[in-house]
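Structure, as structure tokens:
The values are calculated or read from the model by the stated rules, or taken from the named source; none is laboratory data. What you are looking at is a predicted structure, and each value in this text was computed from that prediction instead of being measured. Here Cβ is always computed from backbone atoms with ideal geometry, including for glycine, and neighbour counts include all displayed protein chains.
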Amino acid sequence: MLQKFLQNHKTNMKMKAKCIFEGNKDNGTDLETVYTELFITEGDMKDVNHEHEILQIDDVFKNKKTQDKPINCNDIFTELRKNNEQKIVLTKGVAGIGKTVSVHKFILEWAEGNTNQDIDCVFLLPFRDINIIKDKEVNLHEFLLKFYPELKDLEKSKLYKECKLAFIFDGLDESRLPLNFKSKTLDTVEERASVDVLFTSLVKGKLLPSALLWVTSRPAAANQIPSRYVGLFTEVRGFTDEQKEQYFRKRIKDDTQASRIISHIKSSRSLYIICHIPLFCWITATVLQDILFKNEENISTTLTEMYIHFLRIQMNIKNQKYDEQEETERTKHLQLNRKMILKLAKLAFKQLKKENIVFYEKDLKECGIDVSKDTEFTGMIAEIFKMEDGLYKTKVFCFVHLSVQEFLAAVHVFICFLKKNSRELRFFFENSQTTARQKIQFYFTNVTFHDLTKRATDKAMESQRGHLDLFLRFLMGISLESSQNLLKGLITHTKDTSVSIRQTTEYIKELQKQDISDETSVNLFYCLLELKDLSLYEKIQSYLSPDAHPRRDLSSSMCTVLTSVLLMSKMVLDEFNPKRFTLSRAGYTRLVPAVRCCRKALFEGCGLDETCCETVSSALQSSNSHLTELDLSSNYLQDLGVKLIYDGLKSPRCRLNILRLCGCNLTTQSCESLFSALQSSISVLRELDLSNNDLKDSGVKLLSDGLKSPNSKLEILRISTCSLTDQSCGSLSSVLQSSNSVLRELDLSNNDLQDSGVKLLSEGLNSPNSKLEILRL
């Protein structure tokens, strides 16, 4: 009986896993036909961060101490076992990035007999379904039975004692379980407890310790599980730049159209960043294909306009109208569906405030939606809303993507502003210190749109997890006259917000002068772009002109914006010196990502530490790396920093010729990394300055071995004031005598070489193989 179950279970899991839904339930696609390998990396629990997910995608502003290690989703448990720990795998990733797709890919490969065949049984357990039974007391078998009724007669079988089981808990961020890892623990599969205790017992490894556990989550919820129980922490980073293009070319069969769409996305950094998210690629492709189909020459669009077009297209599909009067028809379709869209928009805002992305019938009823009676709602489900059958035929709902919820929440708030609905707007104007009198006064206040955006901006900045950041961009974008016109049919009248928009842009620019976080600074900059205000963008661009003489007092926030503008413009500077723009250490740090956009980067004495080296390393490895000269002298980089830079030097894409690391607190250990770089056949390094570091003779011995490699191209080496003795002269003499050496210039000044050292160097200089032209002692 057990063997029959295991065989049937594999077949059933294959059927479950092989179909995915891009956006909606009527859009089922075979996983293999659209699957593009996602970038999954091994990470660190300390990397769980709190900015809005859209900004987490932009790696440019990340400083990490470890190099990304790609992991195939099928190797998740293999990597865990390498650590020989009975702990869980925890995978984080932003909404729509492909966590569930990766889980489905893992299950499909297992069910088809291709991978992980040492696992007898895999159970997929989505938290959105677990929520339905969260108040029940069950043992492990009874719990699984609710998801897999075919287990009915196997409670006393050998399933739990002799089979290798894997549990995949998908979507911890959707959980409504009260997790407490200090609560009691179950030790046997027969014991009963609430579902939250059962889950924590599995995570702790007390219940069924031989089982494998994989939990997926959005970033903000990942820290609900204490790090001591996590054996492998991974992150789904979505599409790399090459994979974005691969996705669009797979999905859009017309090569010319695909090329135009890819070109447009690349021209807009805000769109390009978000296209790391596979589901956003689907939204983008849907909108841009439609615009090209209508033969519109200008396909430039803000993020807000992109989502308005998406909503209009989906309503058009719902009503199945395709005629010549398309603009008029689409306005009519919004009008026809107005009542239900507004209810969904209210739901979106109400749940966004609570940070919920999964809803149940009770939540919908609170917003006037009766699932059983509302036929209009049924028609809406396939387009912007998803309904799934949970346990006991309970309906589970969510928007096709979190960003669609944020967009509709902004639509709701803007319509509440137009209708002067103070009850809904008070969320932005009240806090824990608001008095009863102030609350009453608010109902009699004439709120301008600037008042609303100012308070919404402040509220978004106060949010620890940045959950209102994208909502804020949409709210500002919707206020434009062009956006209001596109939403005609949904909004009954438009409002002239031009004065408020001018006031709002000035407010944002004032905020940019303050010391605010990178995430806030970039999001406010994107808000200006949503408002189509390019003045700050153009001002920053003017600073970047080689003939410009910008003031050297840019705030650290403005330094972040400057970096963002430089990256968006695709400008490549001949030279970038951060001291042209700021005199603060915080400002210098925020300008480090600019190394991606210049040929020569001069960061000498900027108070940097090893954390900046990850950004530098990433720039050296990028497909369009321009950097040929880098000066990081007089910064506290230490050996760890050089090791990270070495990861960039060994990349076939690296074009760095000159590297200066004078006075960076380096030791012999750094020479090990540089020795490997010099030996590499792909290294193009020709000048290296390591002066004023404690390298010692052992370090120079390593460098000398690298210089003797037939692959070494180093012509200039500066190692003055490095605690060297005559022993180093012996090592370097052998370099000068080597037929492989191309060394032309050597600086050994301020070292204790003595006469014996000079004598050893003379032997090398007299060699017919020596190419040395300049020697400084």
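Mind listing whichever residues of the stretch 117-162 are assigned to a strand (DSSP E or B) and buried (at least 16 other Cβ atoms within 10 Å of the Cβ)? So that I can check it myself, show each step before the final result.
Step one: filter the stretch 117-162 for residues assigned to a strand (DSSP E or B), giving 121-126, 137-138.
Of everything in the stretch 117-162, those that are assigned to a strand (DSSP E or B) and buried (at least 16 other Cβ atoms within 10 Å of the Cβ) turn out to be Cys121, Val122, Phe123, Leu124, Leu125, Pro126, Val138.
Determine whether Val522 is touching a helix residue (DSSP H, G or I) at 6+ places or on another chain (Cβ under 9 Å) and either within 20 Å of Leu602 (Cα to Cα) or not in a helix (DSSP H, G or I) (or both). Steps first, please.
Numbers: touching a helix residue (DSSP H, G or I) at 6+ places or on another chain (Cβ under 9 Å): yes; either within 20 Å of Leu602 (Cα to Cα) or not in a helix (DSSP H, G or I) (or both): no.
No; evaluated as a whole, the condition is false for this residue.
When Leu536, Leu627 are checked against the criterion of being part of a loop (DSSP other than H, G, I, E, B) and outside the structural domain of Glu462 (by TED's automatic domain parsing), a single residue qualifies: Leu627. Hey, among Ser483, Ser521, which residue is in contact (Cβ under 8 Å) with a residue 40 or more places away in the chain, under 22 Å from Ser403 (Cα atoms), touching a Gly at 6+ places or on another chain (Cβ under 7 Å) and not charged (D, E, K, R)? Step by step, each of Ser483, Ser521 is checked, and only Ser483 is in contact (Cβ under 8 Å) with a residue 40 or more places away in the chain, under 22 Å from Ser403 (Cα atoms), touching a Gly at 6+ places or on another chain (Cβ under 7 Å) and not charged (D, E, K, R).
Does the stretch 229-245 contain any residue that is among the aliphatic types (A, V, I, L, M), in contact with a strand residue (DSSP E or B) (Cβ under 8 Å, 6 or more places away or on another chain) and part of a loop (DSSP other than H, G, I, E, B)? No, that holds for no residue.
So is Ala619 part of a helix (DSSP H, G or I) and either over 22 Å from Thr520 (Cα atoms) or of a type in the set (A, V, I, L, M, F, W, C) (or both) or not?
Working: part of a helix (DSSP H, G or I): yes; either over 22 Å from Thr520 (Cα atoms) or of a type in the set (A, V, I, L, M, F, W, C) (or both): yes.
Against the criterion (part of a helix (DSSP H, G or I) and either over 22 Å from Thr520 (Cα atoms) or of a type in the set (A, V, I, L, M, F, W, C) (or both)), Ala619 qualifies.
Of the residues making up the stretch 734-749, those that are part of a loop (DSSP other than H, G, I, E, B) and of a type outside the set (S, T, N, Q) number 4. Taken as a whole, the condition of being assigned by TED's automatic domain parsing to the domain that holds Leu637, hydroxyl-bearing (Ser, Thr, Tyr) and modelled with pLDDT of 95 or more applies to Ser720.
Against the conditions (1) surrounded by fewer than 18 Cβ atoms within 10 Å (Cβ to Cβ); (2) assigned to a helix (DSSP H, G or I), Lys495 satisfies every one except (2). Could you look through the stretch 675-694, keep only residues that are modelled with pLDDT of 90 or more and touching a strand residue (DSSP E or B) at 6+ places or on another chain (Cβ under 9 Å), and pick out the one that is farthest from Ser709 (Cα to Cα)? Filtering the stretch 675-694 for residues that are modelled with pLDDT of 90 or more and touching a strand residue (DSSP E or B) at 6+ places or on another chain (Cβ under 9 Å), the one farthest from Ser709 (Cα to Cα) comes out as Ser691. Listed by first and then second residue, the pairs linking a residue in the stretch 599-624 that is touching a residue at least 60 places away in the same chain (Cβ under 8 Å) to a residue that is of a type outside the set (D, E, K, R) and part of a strand (DSSP E or B), with Cβ atoms under 9 Å apart and 6 or more places separating them unless they lie on different chains, are Glu610/Tyr636. Please indicate, with yes or no, whether at least one residue in the stretch 705-717 is in the same structural domain as Val684 (by TED's automatic domain parsing), within 40 Å of the chain's Cα centre (by Cα) and assigned to a helix (DSSP H, G or I). Yes, the stretch 705-717 contains a residue that is in the same structural domain as Val684 (by TED's automatic domain parsing), within 40 Å of the chain's Cα centre (by Cα) and assigned to a helix (DSSP H, G or I).
Considering the stretch 363-391, and only residues there that are modelled with pLDDT of 90 or more and not in a loop (DSSP other than H, G, I, E, B), the residue that is nearest to Leu172 (Cα to Cα) turns out to be Asp363. Out of all the residues in the stretch 689-736, which are out of contact with any Cys (no Cβ under 8 Å at 6 or more places or on another chain), aliphatic (A, V, I, L, M) and buried (at least 22 other Cβ atoms within 10 Å of the Cβ)? Within the stretch 689-736, Leu707, Leu714, Leu717, Ile719, Leu724, Leu732, Val735, Leu736 meet the criteria. Against the condition out of contact with any Phe, Trp or Tyr (no Cβ under 9 Å at 6 or more places or on another chain), aliphatic (A, V, I, L, M) and closer than 25 Å to Glu629 by Cα, how does Leu685 come out, does it pass? Taking the combined requirement at face value, the residue satisfies it.
Would you pick out the residues in the stretch 644-698 that are over 20 Å from Cys729 (Cβ atoms), of a type in the set (Asp, Glu) and either part of a helix (DSSP H, G or I) or touching a residue at least 60 places away in the same chain (Cβ under 8 Å) (or both)? The answer is Asp647, Glu672.
For Ile274, the criteria (1) among the hydrophobic types (A, V, I, L, M, F, W, C); (2) more than 21 Å from Leu470 (Cα to Cα); (3) touching a residue at least 60 places away in the same chain (Cβ under 8 Å) hold in every case but one, which is (2).
Within the group Thr304, Thr284, Thr328, which residue is modelled with pLDDT under 70, assigned to a helix (DSSP H, G or I) and either farther than 30 Å from Leu177 by Cβ or charged (D, E, K, R) (or both)? First the steps, then the outcome.
Details: Thr304 fails: modelled with pLDDT under 70; Thr284 fails: modelled with pLDDT under 70.
Step by step, each of Thr304, Thr284, Thr328 is checked, and only Thr328 is modelled with pLDDT under 70, assigned to a helix (DSSP H, G or I) and either farther than 30 Å from Leu177 by Cβ or charged (D, E, K, R) (or both).
When Ser756, Ser731 are screened for being part of a helix (DSSP H, G or I) and either in contact with an Asp or Glu (Cβ under 6 Å, 6 or more places away or on another chain) or under 28 Å from His626 (Cα atoms) (or both), only Ser756 passes.
Here the condition is being out of contact with any Phe, Trp or Tyr (no Cβ under 6 Å at 6 or more places or on another chain) and at pLDDT 85 or above; of Leu468, Leu402, it holds for Leu468 alone. Got at least one residue in the stretch 569-579 being of a type in the set (D, E, K, R) and in a helix (DSSP H, G or I)? Within the stretch 569-579 (the criterion being of a type in the set (D, E, K, R) and in a helix (DSSP H, G or I)), the answer is yes, since at least one residue qualifies.
Scanning the stretch 1-36 for residues that are modelled with pLDDT under 55 and of a type in the set (Gly, Ala, Ser), we see that the one that is nearest to the chain's Cα centre (by Cα) is Gly23. All conditions but one from (1) outside any helix (DSSP H, G or I); (2) over 23 Å from Cys559 (Cβ atoms) apply to Asp639; the one that does not is (1).
Would you please name the residue that is surrounded by the most Cβ atoms within 10 Å (Cβ to Cβ), looking only at residues in the stretch 169-215 that are in a strand (DSSP E or B) and not charged (D, E, K, R)?
Pass one, the stretch 169-215, residues in a strand (DSSP E or B): 169-170, 193-194, 212-215.
With the extra rule that they be not charged (D, E, K, R), the set shrinks to 169, 193-194, 212-215.
On the way: Phe169: 23, Ala193: 20, Ser194: 18, Leu212: 21, Leu213: 24, Trp214: 24, Val215: 27.
Looking at residues that are in a strand (DSSP E or B) and not charged (D, E, K, R), I get Val215.
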